[in-house]
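Just so you know, all these numbers are worked out from the coordinates, no wet-lab data involved. Since this is a predicted model, take the numbers as computed values, not measurements. With ideal geometry, Cβ positions are generated from the backbone for all residues, glycine too; neighbour counts draw on all protein chains shown.
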Amino acid sequence: MLLKDRTAIITGAASPRGLGKATAQLFAEHGARVAILDLKGAAEAAADLPGDGHLGADCSVTDRDAIFAAIEDLAAGWGRVDVLVNIAGITQPLRTLEIAPENYDAVLDVNLRGTLYASQAVIPVMRALGGGSIVNMSSVSAQRGGGIFGGPHYSAAKAGVLGLTKAKAGVLGSDNIRVNAICPSLIATDITGGKLSDADMAAIVAGIPLGRPGAAHEVAGCALFLASDLSSYCTGTEIDVNGGSHIH
């Protein structure tokens with residue numbers, strides 16, 4: 001088991017068909033004690049994981065006081081935090097001229113501000129422990145400057161996640177804290193389920209060399225790699241999990 005005796009906090013992991021829940025499930029199967037942080041349903045999602053000792057806390061990653069309190073409580077109870085996976089995120093299929101201030105604020109706050117706050121809360125704990133791994137969820141939309149489903153503000157937020165990942169990796173390496181990002185493309189989750197027409201889906205799949213959307217467990221596998229010692233010399237990276245849609 002790749003994460004035996006380790007602890008992992010995963011944000012945005014309560015949705016049954018989401019990337020976060022798939023990651024929590026896989027981490028638990030590999031021996032980790034997992035804490036799920038989400039707006040609602042976190043405790044129920046944690047109770048559904050295999051193994052013992054999993055926890056859940058309802059809070060918003062955009063509420064700095066709440067996310068700090070939740071992570072400090074977890075660290076105090078566990079005595080350690082080995083892994084943080086920042087998955088909490090939202091998207092909106094809006095075009096440039098359709099983006100209102102409240103749209104911009106919502107997407108940037110959850111995807112980017114939330115990633116910053118959760119990371120700020122775990123870094124002192126990881127430093128005291130002698131190291132750790134932070135995994136951030138970006139998107140192929142950040143790399144290509146255009147989304148499959150989200151609008152330009154989503155691309156901007158996820159590009160910010162890449163910049164934040166590399167900046168943190170550069171300064172935290174001396175603390176043995178590794179920081180990496182995953183860039184998925186179209187993944188079959190609750191966020192996109194039923195929101196794309198058959199024609200839109202066909203057009204997207206036509207641009208994916210593997211010829212299909214991805215599955216949540218395939219992104220979770222990459223997160224497991226980055227959380228484990230298999231990636232012990234990886235930091236500041238952005239790993240594509242997109243079926244080849246970023247080749248061109």
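With helices as the sole contributors, the chain gives -12500 deg cm²/dmol at 222 nm; each DSSP H run of n ≥ 4 counts as -39500 (n - 2.57), and the sum is divided by every residue.
Phi angles across the range 27-35 convert, under the Karplus curve 6.51 cos²θ - 1.76 cosθ + 1.60 with θ = phi - 60°, into 3J(HN,Hα) values of 4, 5, 5, 9, x, 7, 8, 10, 10 Hz, Gly and Pro given as x. Highest mean packing comes first when the peptides 162-174, 16-28, 38-50 are listed by Cβ atoms within 10 Å, giving 16-28, 38-50, 162-174.
Measuring nothing but how far apart in sequence close Cα pairs (under 8 Å, 6+ apart) lie, relative to its length, the range 7-235 scores a relative contact order of 20 percent.
Counting charges near V83 (Lys, Arg +1; Asp, Glu -1) among other residues having Cβ under 14 Å from its Cβ returns a value of +2.
Given a Förster distance of 22 Å, report the FRET efficiency between K4 and D175 from their Cβ-Cβ distance, rounded to the nearest 0.05. According to the calculation, E is roughly 0.45. Neighbour counts of C-beta atoms inside 10 Å place S197, S232, S133, S245 in the sequence S197, S232, S245, S133, starting with the fewest. When each of the peptides 79-89, 95-105 is scored by the mean number of other C-beta atoms lying within 10 Å of its residues, the order from highest to lowest reads 79-89, 95-105.
Each label point was placed 7 Å from the Cα along the Cα-to-Cβ direction; for D65 and H217 their separation is 4.3 nm. Its Cα gyration tensor gives the range 113-248 an equivalent ellipsoid. The semi-axes, each the square root of 5 times an eigenvalue, are 30, 15, 12 Å from largest down. Residues whose amide H comes within less than 5 Å of that of L84, counting only those at least five positions distant or on another chain, are I9, S133, I134, V135 (H built at 1.01 Å from N in the peptide plane).
Placing a pseudo-label 7 Å from each Cα along the Cα-to-Cβ vector at E98 and E72 gives an inter-label distance of 4.2 nm. Placing a pseudo-label 7 Å from each Cα along the Cα-to-Cβ vector at M201 and I247 gives an inter-label distance of 2.3 nm.
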